Amino acid sequence: MTKKIIGWLLITFLLTTGQATQAQQPGKLAKIGYLNVAGSPAANVEAFQQGLRDLGYADGKNIAVEYRTGDSFARLAELARELVQQKVGAIVATGPAATAAKSVTGTIPILFMFSGDPIEAGFIDSLARPGRNMTGITWLAFELVGKRLELLKEAVPKVSRVAVLASPAHAGEQRELQETQSTARALGITLHYHQVRNGAEVNAAFEKIVKETVNALLAFPDPVTNAHRKQIAEFAAMRRLPSMFGRKEPVEAGGMISYGPKLEDVYRRIPAHVDKILRGARPADVPTELPTKFELYVNLVAAKQIGVTMPPNFLVRADRVIR
């Protein structure tokens, strides 16, 4: 009996050792894809990498991250297919890249960081129960939409007629418009709404805005307005229009004010979703998150250029002031 017990213990030891050795063999790393839109800030990728490190992941040691960047939907879809062929365990996708990833796989988990409404985009069924192969973080916080108009009015009290630029292809755009209209009515502001799908339509909107007696400009935070942020900021400066945006990049490009989610925080948080998927969770059961940290950016150089003097109590609330 003793010999049998020793024999079973020996077999168990050998099996366990073999399994451990196999698990540590090269090529057995968890592999994920990172599908990014060309022109995205490097700080966002760095925040994602830091989020992985915070959770104990080291690229090349216990995880392998395949980075891909595309400048068009067709290219992003092609790169997403490439990641699928490489049999990645999940695809982290930013902005429009999430739509591209969705178009090529309905089974591999897709973890999105998305500026639009993921329900309207068809990514998920609900925030609490995504129900599909996608989940992640959306920074479309509708309560921020009206707040932007309020901040613009606070910074420049004379604002009464505001030109609005927004992409109709951006999921959630109509809800954003409704929220903006509601706040505009409360503040006594008239809106002049312009839909833009590309650079040509942005230029066409500029021509219309010139003919309108607006005294401010508001750009919704979507891929089209962000891609043409420098163009929009320069137009606002040329026409001496105070401008408001939903992301900091347009303010860094010469716009006047932005108020929105702190995107580095979003990118640093998405690895927690990656960790859950790698541990066996299904995207369908992992709640989609909303932003938790927000930031106010002010470009004093842009303000001075168009003759706007910011109230001191407004400036002290800014997270960053460009002087």
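The values are calculated or read from the model by the stated rules, or taken from the named source; none is laboratory data. The model shown is predicted, which means the values in this text are computed figures rather than measured ones. As a convention, Cβ positions derive from the backbone with ideal geometry for all residues, glycine included, and neighbour counts pool all protein chains shown.
All conditions in (1) in contact (Cβ under 8 Å) with a residue 24 or more places away in the chain; (2) assigned by TED's automatic domain parsing to the domain that holds residue 37 hold for residue 233, with the sole exception of (2).
Only one of the numbered conditions (1) among the aromatic types (Phe, Trp, Tyr); (2) in a strand (DSSP E or B); (3) crowded, with 19+ Cβ neighbours inside 10 Å is violated by residue 67, and that is (3). Taking segment 78-93 as the range and being buried (at least 19 other Cβ atoms within 10 Å of the Cβ) and either modelled with pLDDT under 95 or small (Gly, Ala, Ser) (or both) as the test, the residues that pass are 80, 90, 93.
Among the candidates 84, 88, the residue that is assigned to a loop (DSSP other than H, G, I, E, B), among the hydrophobic types (A, V, I, L, M, F, W, C), within 18 Å of residue 134 (Cβ to Cβ) and assigned by TED's automatic domain parsing to the domain that holds residue 118 is uniquely 88. In segment 287-314, the qualifying residues are those that are β-branched (Val, Ile, Thr) and within 30 Å of residue 129 (Cβ to Cβ), and the one that is surrounded by the most Cβ atoms within 10 Å (Cβ to Cβ) is 288. Against the definition (under 17 Å from residue 94 (Cα atoms), aromatic (Phe, Trp, Tyr) and touching a residue at least 12 places away in the same chain (Cβ under 8 Å)), how does residue 34 come out, yes or no? Considered against the rule, which asks whether it is under 17 Å from residue 94 (Cα atoms), aromatic (Phe, Trp, Tyr) and touching a residue at least 12 places away in the same chain (Cβ under 8 Å), residue 34 comes out as yes.
Residue by residue through segment 276-310, note down the ones that are outside any loop (DSSP other than H, G, I, E, B) and among the basic types (Lys, Arg). Full working, then the answer.
Let us first name the residues in segment 276-310 that are outside any loop (DSSP other than H, G, I, E, B), namely 276-278, 283-285, 289, 294-305.
The answer is 276, 304.
Taking the criterion of being under 25 Å from the mean Cα position of the chain (by Cα) and either of a type in the set (D, E, K, R) or crowded, with 16+ Cβ neighbours inside 10 Å (or both), the residues of segment 180-194 that qualify are 180, 181, 183, 194.
Checked against (1) charged (D, E, K, R); (2) in contact with a His (Cβ under 7 Å, 6 or more places away or on another chain); (3) not assigned by TED's automatic domain parsing to the domain that holds residue 146, residue 212 passes all but condition (3). For segment 179-191, the criterion of being assigned to a strand (DSSP E or B) and without any contact (Cβ under 8 Å) to a residue 40 or more places away in the chain is met by at least one residue. Mind checking whether some residue in segment 162-173 is at pLDDT 95 or above, buried (at least 17 other Cβ atoms within 10 Å of the Cβ) and not hydrophobic (A, V, I, L, M, F, W, C)? Yes: segment 162-173 contains one or more residues that are at pLDDT 95 or above, buried (at least 17 other Cβ atoms within 10 Å of the Cβ) and not hydrophobic (A, V, I, L, M, F, W, C).
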